[in-house]
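A quick write-up on the structure given underneath.
The values are calculated or read from the model by the stated rules, or taken from the named source; none is laboratory data. Quantities reported herein were computed from a predicted structural model and do not represent experimental measurements. Note that we place each Cβ from the backbone using ideal geometry, even for glycine, and neighbour counts take in every protein chain shown. To get the accessible areas, we keep the full protein, side chains included, count just its heavy atoms, and leave off ligands, DNA and RNA. Shrake-Rupley method; radii C 1.70, N 1.55, O 1.52, S 1.80 Å.
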Amino acid sequence: MTTRKLLGSATILALVLLAACGGAEKPAEVAEKPAAEAPAGPPVDPATAATVTGKVVYKDGKPQPNRIRMDADAACAAMHGTPVFSHEVVVNDNGTLRYVFVYVKEGLDNRTFPTPKEPAVLDQRGCLYTPHVVGVQTNQDVKILNSDSTTHNIHPVPTNNREWNTSMPPGAEPLVKNFPREELLIPVKCNVHPWMKSYIGVLKHPFFAVTGIDGTFTLKGLPPGEYTIAAWQEKFGAVEQKVTVGPKETKTVDFTITPKAAGD
Amino acid sequence: MVAPPNTSLHRFALLTAAATFLLLAAGALVTSNDAGLAVPDWPLSYGTWMPPMVGNIFYEHGHRMVATVVGLLTTVLALWLCLKEPRRWVRRLGLVALGVVVLQGVLGGITVLFLLPRPVSIAHATLAQLFFCLAVSLAVFAGPAWREEAPKAVDASSPPLRRLSQATALALLAQLILGAAFRHSAAGIVPHLFGAAVVAFLVAWTARRVLVQFAAQPELVRSARMLAGLLAAQLLLGAGAYLARLGSAESAQPELFYVAATVAHVAAGGATLASSVVLTLWCYRRVSGPGESIALASTPQRATI
Ligand code: HEM
Ligand code: HEM
Ligand SMILES: [Cu+2]
């Protein structure tokens, strides 16, 4: 018991050291699929892995986006030649929604998945967060950059994980953090620039995606089975659908988000 | 024989109270702009005394700077009173004010370090208003009018005016706390609206009593008029703040009209409370209570003799 605790703490310490030392010089590239290293549950067999794909359609036309005014910080305003709009609700040209976090909510049972070694990256650029919505696995590093010539403070407001608030002056070293517990989704804000908001989804598994400019998502490498897929949008909340995939099967699951239906 | 009033000390006390009023507005700007955590550290700001004043850092650090000025003014006032004020209870009140301003500063720091826990933010908002009342009271006590001996008006009504004005001040304090609880998302708006009705009723009652029965007491009349006027303004500003809140619910950032309406409502709330406290003080000074000969021992009036 005590030995195990000791071993556990030693591992954590080693990981922390690794993260701390690694954070400084690693290039800023986005995580690929996790490399399997210590499978604890039944491993996913790549030969039978299935795929769920689809798109998220917005049912209510194209709403007028909210304008962001950056005059409170001249350095921010100077970085944008054209008007900047809030990323809260972004409807793509094809009527789909951008920045929807789509993930497997149920169906993976007790499978465990290794923590990716590559960090997820959250950049503060042009006094906006890039990406606006980001997913990570529990304990996966999140590398936070400040690419701006102004001061930001980064302040996640979780309910399940520890809250913190750190200042990042221009040229600050990247900040490496992680979230040990599952949480959907953690709002992140900058209190210097109150329009700056982003969301971090923390899951125990790698089956999540964020819709982009075409409003689609793809969840690859799923073991065959029955799943509940959820699509979460910061303003409209979440919608869910059930899907069953057989070995090597690809199924399409399209979501429709209506402002009224999804609990405005 | 009463010592001659010290006009420069009185002016300085007025200055401290006026600076505190500005500080209420500066603090409310922090909350309305959601700037409370724009500076994550304390007592320094970004490790220095003077961080770049961009974005919300301007509001948070600006608030700290105004608070520092008020802290210094209060220190000077307390020392000045200690040296020059003949009335011991006024000297003591100066020291209490100094203690409260220090405590208030520490509460501000704590709310930053602990990421704005609601109880601490609400306590900071409430103590701010109480400190403002202290500063205003000191200015009243240091003024020449307070020292003037005038025959006390007899109050035979029930409830006695002293009790009534006191109850109004306490109700206003409760209303400020309900407002702070709503503003810091610890309660709904309904208790605050209910409180507004109670407060409006009490203020109307008190003011009417003063204007009808004590029209010969200039200090009472002035404070009662002030209180009634501020309350009317405050009700309008409250409605404005509520509409502004609804109107900016969809905005990407705090809108100017929201900030203006809420800051005005918070500052006018402080002024309303302070004017009811001043009215209460004058009630004790110029109106006799039912058990006056017994109550005398505990009133400030006796100490001046
Ligand atoms: C010493 C006298 C001070 C006074 C009278 C004062 C007054 C106020 C007032 C009236 C508010 C607005 C509350 C509201 O709108 O609900 C406020 C907010 C705030 N004050 Fe102070 N303050 C003082 C000192 C400080 C100091 C030294 C700090 C240091 C960090 C500080 C930090 C804050 C913060 C962070 C808020 C925003 C709280 C929130 O939004 O939850 N204050 N203050
Ligand atoms: C009797 C008079 C009233 C007084 C003395 C009063 C006082 C206050 C104070 C002091 C606060 C802020 C507390 C703080 O955080 O420091 C507040 C908040 C607020 N009050 Fe009142 N209030 C009154 C009446 C009303 C009425 C009639 C309404 C609305 C219809 C109203 C709406 C609000 C709203 C919306 C806020 C929150 C502002 C925000 O969005 O941050 N108040 N009130
Ligand atoms: Cu920022």
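Taking region B:27-40 as the region of interest, how many residues are more than 6 Å from ligand 1 (Cβ to nearest atom) and either open to solvent by 20 Å² or more (accessible area, probe 1.4 Å) or touching a strand residue (DSSP E or B) at 6+ places or on another chain (Cβ under 9 Å) (or both)?
Matching residues across region B:27-40 total 6.
Just one of the numbered conditions (1) open to solvent by less than 10 Å² (accessible area, probe 1.4 Å); (2) modelled with pLDDT under 95; (3) more than 14 Å from chain B (Cβ to nearest Cβ) is not true of A:Ile200; which one?
(2)
Considering only residues that are of a type in the set (Val, Ile, Thr) and either outside any loop (DSSP other than H, G, I, E, B) or within 22 Å of A:Thr53 (Cβ to Cβ) (or both), which ones fall in region A:102-114?
A:Val102, A:Val104
Of the residues that make up region A:174-183, is at least one in contact with a Gly (Cβ under 9 Å, 6 or more places away or on another chain) and of a type in the set (Phe, Trp, Tyr)?
No, region A:174-183 has no match at all.
More than 11 Å from every other protein chain (Cβ to nearest Cβ), β-branched (Val, Ile, Thr), buried (at least 16 other Cβ atoms within 10 Å of the Cβ) and farther than 29 Å from A:Ile68 by Cβ: does that describe B:Thr16? Even if it seems obvious, please write down each step before you answer.
Values: more than 11 Å from every other protein chain (Cβ to nearest Cβ): yes; β-branched (Val, Ile, Thr): yes; buried (at least 16 other Cβ atoms within 10 Å of the Cβ): yes; farther than 29 Å from A:Ile68 by Cβ: yes.
It is true that B:Thr16 is more than 11 Å from every other protein chain (Cβ to nearest Cβ), β-branched (Val, Ile, Thr), buried (at least 16 other Cβ atoms within 10 Å of the Cβ) and farther than 29 Å from A:Ile68 by Cβ.
Let me spell it out: the conditions are (1) at pLDDT 95 or above; (2) within 16 Å of ligand 1 (Cβ to nearest atom), and B:Ala196 meets all of them except one. Which number is the exception?
Of the numbered conditions (1) at pLDDT 95 or above; (2) within 16 Å of ligand 1 (Cβ to nearest atom), the odd one out for B:Ala196 is (2).
I'd like to verify a number: residues in region B:232-246 that are away from ligand 1 (no atom under 16 Å from the Cβ) and within 19 Å of B:Phe182 (Cα to Cα), how many?
Looking only at that region, the number is 5.
Tell me, yes or no, whether region B:115-135 has at least one residue that is more than 16 Å from ligand 2 (Cβ to nearest atom), assigned to a helix (DSSP H, G or I), away from every other protein chain (no Cβ under 14 Å) and of a type outside the set (Asp, Glu).
Yes, there is a match, as at least one residue in region B:115-135 is more than 16 Å from ligand 2 (Cβ to nearest atom), assigned to a helix (DSSP H, G or I), away from every other protein chain (no Cβ under 14 Å) and of a type outside the set (Asp, Glu).
Name every residue in region A:81-98 that is open to solvent by 40 Å² or more (accessible area, probe 1.4 Å), part of a loop (DSSP other than H, G, I, E, B) and either within 14 Å of another protein chain (Cβ to nearest Cβ) or closer than 30 Å to A:Phe207 by Cβ (or both), in order of residue number.
From region A:81-98, those open to solvent by 40 Å² or more (accessible area, probe 1.4 Å) are A:81-83, A:85, A:87-88, A:93-94, A:98; that's our starting set.
Restricting the remaining residues to those that are part of a loop (DSSP other than H, G, I, E, B) gives A:81-83, A:87-88, A:93-94, A:98.
Scanning region A:81-98 gives A:Pro83, A:His87, A:Glu88, A:Asp93, A:Asn94, A:Arg98.
Here's the yes/no breakdown for (1) within 30 Å of A:Ala75 (Cβ to Cβ); (2) within 16 Å of ligand 2 (Cβ to nearest atom):
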| residue | (1), (2) |
| --- | --- |
| A:Pro194 | yes, yes |
| A:Ser198 | yes, no |
| A:Pro223 | no, no |
| A:Trp232 | no, no |
| A:Gly237 | no, no |
| A:Lys248 | no, no |
| A:Lys251 | no, no |
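Of all residues in region A:237-259, which are farther than 20 Å from A:Arg111 by Cα and free of Cβ contacts under 8 Å to residues at least 60 places away in the same chain?
Passing the criteria: A:Gly237, A:Ala238, A:Val239, A:Gln241.
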